[in-house]
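Q: Dropping a structure here in structure tokens format, bear with me for questions.
The values are calculated or read from the model by the stated rules, or taken from the named source; none is laboratory data. Just so you know, these numbers come straight off a predicted model, no measurement behind them. Here the Cβ positions follow ideal geometry from the backbone for every residue, glycine too, while neighbour counts run over all protein chains shown. Areas reflect the complete protein model, heavy atoms only, side chains present, ligands, DNA and RNA absent. Shrake-Rupley method; radii C 1.70, N 1.55, O 1.52, S 1.80 Å.
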Amino acid sequence: MIVEGKEGFVLAVSTTKPSNDNSAHLEVLLDKIGLQPESRLYTDKSYSGLPNKTLLKKKNLKSAIKK
């Protein structure tokens, strides 16, 4: 799920099996909402892997992933 930072509105949802790694679905969520270039994405540390860092760079988004 991706929510807007100030008001907490839900922007996109992707459902998966409980056994799936949610961090592998970040691209699906980002494609649903189409953030503006240079937008900052805040997530928890489960999204901190190299594939998601590379994805954010490719989409010209700023990472604020907790470490």
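Q: Go through (1) open to solvent by 30 Å² or more (accessible area, probe 1.4 Å); (2) over 9 Å from the mean Cα position of the chain (by Cα) for Glu27 and report which single condition fails.
A: It fails just one condition, (2).
Q: Which is in contact with a Phe, Trp or Tyr (Cβ under 9 Å, 6 or more places away or on another chain) and among the aliphatic types (A, V, I, L, M), of Ile2, Ile65, Ile33?
A: The unique qualifying residue is Ile65.
Q: If the requirement is being surrounded by 15 or more Cβ atoms within 10 Å (Cβ to Cβ) and either modelled with pLDDT of 90 or more or acidic (Asp, Glu) (or both), which of these qualifies: Lys59, Lys53?
A: Lys59
Q: Among the numbered criteria (1) out of contact with any strand residue (DSSP E or B) (no Cβ under 8 Å at 6 or more places or on another chain); (2) in contact (Cβ under 8 Å) with a residue 12 or more places away in the chain; (3) of a type outside the set (A, V, I, L, M, F, W, C), which single criterion is violated by Ser48?
A: The single condition Ser48 does not satisfy is (1).
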